[in-house]
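A quick write-up on the structure given underneath.
The values are calculated or read from the model by the stated rules, or taken from the named source; none is laboratory data. These numbers come from a predicted model, not from an experiment. Virtual Cβ from ideal backbone geometry, glycine too; neighbours counted across all protein chains shown. Ligands, DNA and RNA are excluded from the accessible area calculation, which covers all protein heavy atoms including side chains. Shrake-Rupley method; radii C 1.70, N 1.55, O 1.52, S 1.80 Å.
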Amino acid sequence: MPKRAFTAPDPGRARLRFAARGVLGITAATAVCGLAGVSLVGAVIGGLAALLALFTVTDATVRGQALTTALLPAAGLPVLTAVALLHGHTLARDLAFLAVVGVGVYARRWGPRGHSLGVFAFMTFFIALFLDATPGLLPEMYTAVLLSVPTAAAVRFGLWCYERRLPPAVVPAPPTGTGLARVTTRQAVQATVGAAFALTMGAWVSHDRWYWAVGATWWVFVNTASRGETLVRGFRRVLGTAVGIGLGLLVAVPVAGDAVPTAVLAAVCVFGIFYTAAVSYTWMMLCVTVLAELLYGLLGVLGPGLLALRLAETAVGALGAALAVLFVLPVTTHAVTDAWIRRALRCVHDCTAEAAARLAGSEGADPAPRVAELEQLLGRVRLSVAPLVHPLNPVASRKRRARRVLALLDDCAREIRGLAAVAADPVASHDVRLADACRRVEAAVEALTGGGAVPARGTAAPHAAGGALAHLHGLEQALAELVAPLRAPSGSPLVGA
């Protein structure tokens, strides 16, 4: 786990820059709040608002990211107001919290912007509960949010906007559907039911810290689309929290209330959250847990009993999420995995067609955007297949099939990248064998996604072929080998069962 989190490939040092900018932006936001004379409570909410502004906004373009960031206060301040005004009105506050959970998850149907605004609204509610917001604190909290979000934006889009030098990110569209056939709609219902269970049981465990359980349920649903993904994420959340609590006993408890070491350790935790998020949810949750412990230390309430309570509430929240995805409008791992693999294979088809057109002399053809899209789709495939390859999965045969599928899809991606590189070479020339190989690749994809027989591969020896043709032969081989693991003995398609 540590090796995966800290030695995973980081092309262009993107994760390193993301994490360093996160620390810089949050430090700047809390400093601005301090200079404005806000209290510790205001500085905490300002720092957390800056963290969310820097962490959750993932629109494809810099302009889109800036617009979403500007909209964050519009999503957060009304929620902050509601929490403060409902202070002391338990039933109304709880119903409002569940409404924010449902609407926040449902908003994901509108893509990255809806997701970011939903997360910000939920976390503003959560932070207000964390800080026990009252109407008297509202002016200071408004000030903190309205100062910290623009400060974080100034760092992200002004001081260090490394995304401007990169091509626009490719964000795969969410699965389509209407009504309860839409995954985001089903998840909104699931998350609300799971949160209601977590709220009820969490309040039974602790009258003061029940919202931890609701928070655990919420975050288990983030970036998941099937019951398998949600169950694995719930397990990783509990594991990361447990390890973080153990580390907190060694680190956070001894420095509780001491501002300087707390600030240094908080910066380390923020860096860890940003740096590990893309590769290890367990490590990210470890960092989140230690950061929460440090904040409680500043507020003067940290102790071993509180840490044990946090673990219990996290377990309750994960259980709520598990029960919801298992029994409320379940979305099977098979259905989601099947859909993402089909989309990845069709993208292989499109990449091949674009590269072939470019090699045939079409100036308007460009496989590069399709290659970037394929990388994003394969990331979604890995996420959806994660439950099948998890160490706790007892079905060894399914685990082997899933791993084989991932390996062969990675082979396809490697050959596609090579083909695109050849196509980008201005001196590359068209070969008549290239058109035949492209047609075979396209036919193989159609067969894999439609259930037909994959055509035989070409007879030309790979070592005798040119650059583009060699990559096409490798692609043909990977597609041919995908037939066995993608189809169950009964003939059912793709990975699931």
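The helix-based estimate of mean residue ellipticity at 222 nm for the chain, built from -39,500 (n - 2.57) per DSSP H run of four or more residues and divided by its residue count, is -24500 deg cm²/dmol to the nearest 500. Charge tally for VAL288 (other residues, Cβ to Cβ under 13 Å; Lys, Arg +1; Asp, Glu -1): +2. The share of Cα pairs per 5 Å bin across the range 84-238, counted from zero up to the longest distance, runs 2, 8, 15, 18, 17, 15, 13, 9, 3, 1, 0 percent. Compute the Cα gyration tensor for the range 63-160, then decide on rounded, prolate or oblate, letting a ≥ b ≥ c be the square roots of its eigenvalues: rounded whenever a/c is under 1.5, prolate when a/b is larger than b/c in the other cases, and oblate in all that remain. Judged from the Cα gyration tensor, the range 63-160 comes out oblate (a/c at least 1.5, b/c at or above a/b).
What is the log10 of I(q)/I(0) for the chain, computed with the Debye formula using one identical point scatterer on each Cα and no solvent, at q = 0.07, 0.08 Å⁻¹? With no solvent term, the Cα-only Debye profile gives -0.42, -0.54. Of the residues PRO330, SER397, ALA360, the one whose Cα sits farthest toward the positive end of the charge dipole of the range 319-399, with +1 on the Cβ of Lys and Arg and -1 on the Cβ of Asp and Glu, is SER397.
Computed on protein heavy atoms with a 1.4 Å probe, the accessible areas place ASP425, ASP59 in the order ASP425, ASP59, largest first.
ASP132 exposes around 90 Å² of accessible area when a 1.4 Å probe is run over every protein chain in place. Here the spin labels are modelled as points 7 Å beyond Cα on the Cα-Cβ line, and at THR61 and VAL483 they lie 4.4 nm apart.
Label-to-label distance, TYR162 versus VAL103, with points set 7 angstrom from Cα along the beta-carbon direction: 3.6 nm.
Compute the FRET efficiency between ALA74 and LYS399 as 1/(1 + (r/R0)^6), taking r as their Cβ-Cβ distance and R0 = 41 Å, and round to the nearest 0.05. Walk me through the intermediate numbers first.
Values: r = 46 Å, r/R0 = 1.11.
According to the calculation, E is roughly 0.35.
Using the Cα gyration tensor of the range 1-101, with a ≥ b ≥ c the square roots of its eigenvalues, what is the shape: rounded (a/c below 1.5), prolate (a/b larger than b/c) or oblate (neither)?
Prolate shape, in that a/c is at least 1.5 and a/b is the bigger ratio.
When the chain is described by a simple charge dipole with +1 on each Lys and Arg Cβ and -1 on each Asp and Glu Cβ, the residue from ALA188, VAL57, VAL44 located farthest towards its positive end is ALA188. Per-peptide packing, taken as the mean over residues of other Cβ atoms within 10 Å, places 60-68, 289-297, 366-374 in the sequence 289-297, 366-374, 60-68 from highest down. Relative to the longest principal axis of the Cα atoms of the chain, the long axis of helix 14-35 makes an angle of roughly 20 degrees.
For the range 176-324, what is the charge dipole size about the Cα centre, in debye to the nearest 20, if Lys and Arg each add +1 at the Cβ and Asp and Glu each add -1 at the Cβ? Spell out each step's value before the answer.
Details: 8 positive and 5 negative charges, 103 e Å.
Around 500 debye, computed over the range 176-324.
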